[in-house]
Each structure stands twice: as structure tokens, then as C-alpha cells.
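Encoded as C-alpha cells, the structure appears first; notes follow it.
The values are calculated or read from the model by the stated rules, or taken from the named source; none is laboratory data. The structure displayed is predicted, hence computed values, not measured ones. All Cβ positions, glycine included, derive from the backbone under ideal geometry; neighbour counts span all protein chains shown.
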Amino acid sequence: MNVLKVTMIGLFAGLVSTAIGSLIPTFLGKRAEKYVSIMLGTASGVMLVLVFADLMPEAIHAGTLAFERPSIGLLVAFASFVAGALSMTLIDKILPHQHIISYEHVTDPKLYKTGVLTSLGIAIHNLPEGIAIGAGYAHSPELGLTLFIAIALHNLPEGIALGAPLAGCGLGRRQVFSIGAMAGLPMAVGAFIGVAFGSMSQSMVSIALGIAAGAMLYIVADELIPESQNTAIGHSGTYGTVIGSIIGLLLIYFV
């Protein structure tokens, strides 16, 4: 399979899909603030399901295949999970003192930080997803296409997850799109790695997926769910989480 072609496919799945998803909240205009809570809740539900029904099971499976003793593989997957959560804790402590992306007219710094942290978490776990696409195409075009569709589809709600708080804090459409696009870039890198080397070692896949799962869970628990409740009108944040969980399960089941 042509390496450049697969890299571009990974770029499309990550950059375009995530960026398009991030734009959806911005089209609501002044109504965005009214829908921030339910969108954040929906995104948190989708991500929770992806962490526990997709990323972690795959990390554990890869770990048990990588080592003769399955218990070691299980330990590696969970250690990586904890490492991912701890890494986001460190980033969370550093972020208020480091202006990673600075824009004027930010009306809500808390929502802004939530959006940037979410984009960082998405970028982290886009790398192993890109590797999956590349390795899939290296094995067969059919497998690669299936993985591409699945990952591109679930990147849309992830884009919404980072777009909702950014739109709610006052950023313009172009600025939100730029952050969404940057969050998707690592998937192209992952696709290149996956197709160039045929497949990654199972141990490395387990570590990468475990770290991604831990990072995503931290963001959901520390940022998305609390912020969905803080901006809620009634129980809109809770309803959003339930809706998002259903969407996440349907995506995993049908895709």
C-alpha cells in the first residue's frame, strides 16, 4: 500500500473529521451558550464509552498478546492507563501558567482551558488510532477502510467535545477550526508509522492505547462532566451524558 496515500487517509480521518466536528457548536452562534451543557455532556458520554468499551479492552487485549503471561500484559495496560491520567494531571497544573494557544476576546477562561485540554487529550489518542489505520491498510485495504470509517465517525463527536467549550468561551469559527485541526494532525503521523512498519509491536500498542484511555478519562472526569454541570440548565448536562453514552455504544456496535 502506498505510504503517502495511507498517510493522507489518516490525515483526513483525524484533521478533517475532528475539525468539522469542532465547527458544529460554532454554527449555533449566540445560542451556543444555551447548548454548551448538553453538548459537553454528550461528548463526555461518548468518551466514557470509548474509554471503557473500546480503548481499554483493546489495550488489555494487545497486552495479553504481547507477553507470555497474560497477567503481565494486563499490568502493562493498567499502568499505562494510570500514566495517561497522571500526565494530564501534570499538564493541567502547568497549563494555567503556560499560554499554549493565546487568543483575544476569551470570555470564559475556564471553558477555554477545558477546550484546550480536551484537544490535547484527543491529539494524544489520535496517534494510536492513526497507527491502527496504517497497520490495517498494510494488512488489507478492506480492514483499513473499516478502521478508517469507524475512526472518522467517532472523531466527529470528539471534535464537538473540544468545539463546545471553545465556542462557549467566545472564540471565533476560524480559531476553533484551527485548534480542531491541530488535534487531528497526530493521526496522520500514526497512519504513516502504521503502514511504514506494517504493524507495531503489541506491547507498544497496549501502552499507547492505555495512555490514551487514561488521558481521556481524566479530561472527562475533571473537565467535561463538571463543566457540563456548571453550565447546565436543569439537568441538561446529565441528559447529555446519557445521550452521549447511547451514541457511543451504537457507534461501537454498528461500526
message: Show me the helices (runs of 4 or more DSSP H) entirely contained within segment 162-231 in which 3 or more residues are within 17 Å of the chain's Cα centre (by Cα) and modelled with pLDDT of 85 or more.
response: 173-196, 202-219
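Here is a yes/no grid of residues against (1) under 24 Å from residue 110 (Cβ atoms); (2) surrounded by 16 or more Cβ atoms within 10 Å (Cβ to Cβ); (3) hydroxyl-bearing (Ser, Thr, Tyr):
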{"site": "205", "(1), (2), (3)": "no, yes, no"}
{"site": "211", "(1), (2), (3)": "no, yes, no"}
{"site": "219", "(1), (2), (3)": "yes, yes, no"}
{"site": "230", "(1), (2), (3)": "yes, no, no"}
{"site": "233", "(1), (2), (3)": "yes, no, no"}
{"site": "237", "(1), (2), (3)": "yes, yes, no"}
{"site": "241", "(1), (2), (3)": "yes, yes, yes"}
{"site": "245", "(1), (2), (3)": "no, yes, yes"}
query: Just one of the numbered conditions (1) modelled with pLDDT of 85 or more; (2) more than 16 Å from the chain's Cα centre (by Cα); (3) of a type outside the set (A, V, I, L, M, F, W, C); (4) closer than 11 Å to residue 164 by Cα is not true of residue 41; which one?
result: (2)
- request: Just need a number here: residues in segment 113-141 that are in a helix (DSSP H, G or I), surrounded by fewer than 22 Cβ atoms within 10 Å (Cβ to Cβ) and of a type in the set (Ser, Thr, Tyr).
  value: 0
message: Pairs please, first residue from segment 1-26 and charged (D, E, K, R) and at pLDDT below 90, second anywhere and surrounded by 17 or more Cβ atoms within 10 Å (Cβ to Cβ) and not in a helix (DSSP H, G or I), Cβ atoms under 9 Å, 6+ apart in sequence or on different chains.
response: none
message: Of the conditions (1) modelled with pLDDT under 90; (2) more than 15 Å from residue 55 (Cβ to Cβ), residue 249 satisfies every one except a single condition; which number is it?
response: (2)
field: Selection status of residue 161, touching a helix residue (DSSP H, G or I) at 6+ places or on another chain (Cβ under 6 Å) and among the hydrophobic types (A, V, I, L, M, F, W, C)
entry: yes
